[in-house]
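What follows is one structure encoded as structure tokens, with my remarks underneath.
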Amino acid sequence: MSRGRVTLLRTDCHDCAYVGGRTARLEFLSPRLALDDRRYQLLLEQGFRRSGPYIYRPHCPTCNACHSLRIPASQFRKRRRHRRCRRHNGDLHVAAQPPVITDEHLALYRRYIHHRHPQSSMANPGRAEAEGFLMAPWCTTVFYELRTEAHGQLLGVAVTDVLPDALSAVYTFYAPEAEHRGLGTLAVLLQLAEARRVGATHVYLGYWIEDAPTMAYKATFKPHEVFDGRRWQWRG
């Protein structure tokens, strides 16, 4: 799928949510384009990402700090912090569920968004807003639930797209009081384990900005590859 065969639209410029003082802009595919898992994987390989059913990538006028980052599943090696995270969460049970937002999911998602983005317009999302952000009708998606084994308490959900030869980490939300557990890191470790189990080559982690503290955890998964706009660069 080449750039010349699809229609790309652009948003207006707006303040960057990750790097202060910078201007951001997105380009996205026409919603009229027919998509499926195979086409979406081809777009991931070209640095795109999805938000709900919309496929986009950064196209900022004066900045190129955002880079897609992916992990070769078979070559990933756990570091000490990753082994510690797994031990610290040994009391959790993981279960794959269909992409249906239950009342329990929605309540947890609202708490997470309110905690992480209290001043944003998305701080009190309804079911339609959550579905519109997390899901796409043309994509195979799984909700990996993280629950305590003792009481079955839902602590987190890792929304994951399952593609022909890859997994894509769409979004992970979790209980604010469980932030010390490192559930975002745990979710990636679980996705990597699942990728190896099914023989997928990569786990895509979305965009990474080297100077953004909230994204620093992504680069701890090594080796990884960063897309420079033309090709994937290996970083061991």
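Brief remarks follow.
- Per-residue extension of 0.36 nm, minus the Cα-Cα distance of H117 and R80, leaves a gain of 10.3 nm for this segment.
- FRET efficiency for L8 and R87, using Cβ-Cβ distance with R0 set to 30 Å, rounded to 0.05: 0.10
- Rounded D (µm²/s) - the chain, Kirkwood Rh over Cα pairs, Stokes-Einstein at 4 °C, 1.567 mPa s: 70 µm²/s
- Overall Cα dimensions of the stretch 113-236, principal axis frame, Å, largest first: 39, 33, 33
- For the chain, C13, C16, C66, C85, C139 stand unpaired, since no other cysteine beta carbon lies under 4.7 Å from theirs.
- Placing a label point 7 Å from the Cα of L33 along the Cα-to-Cβ direction, the residues of the stretch 194-215 whose backbone N falls under 19 Å of that point are 204-207.
- The spread of Cα positions in the stretch 31-96, taken along each principal axis and listed from longest to shortest, comes to 45, 33, 21 Å.
- Size descriptors for the stretch 102-185: radius of gyration and Dmax over Cα atoms are 13.2, 38 Å.
- Volume per residue of the convex hull around the Cα atoms, evaluated for the stretch 171-236, comes out as 107 Å³.
- Sequence-separation-based contact order of the stretch 3-67, relative, with Cα cut under 8 Å and 6+ spacing, percent: 33 percent
- Relative contact order, percent, the chain [alpha-carbon distance under 8 Å, six or more residues apart]: 25 percent
- Normalised by 2.2 N^0.38 Å, where N is the number of residues, the C-alpha radius of gyration of the stretch 3-67 stands at 1.16.
- Evaluated with a Cβ-only charge set (Lys, Arg +1; Asp, Glu -1), the stretch 3-67 carries a dipole of roughly 180 debye about its Cα centre, given to the nearest 20.
- Per-residue [θ]222 nm for the chain (sum of -39500 (n - 2.57) over DSSP H runs n ≥ 4, rounded to 500): -7000 deg cm²/dmol
Any read-out appearing in this document is the output of simple, stated calculations on the displayed coordinates, not a laboratory observation. These numbers were taken from a predicted model, which means no experiment stands behind them. Ideal geometry is used to build each Cβ from the backbone, glycine not excepted, and the neighbour counts take in all protein chains shown.
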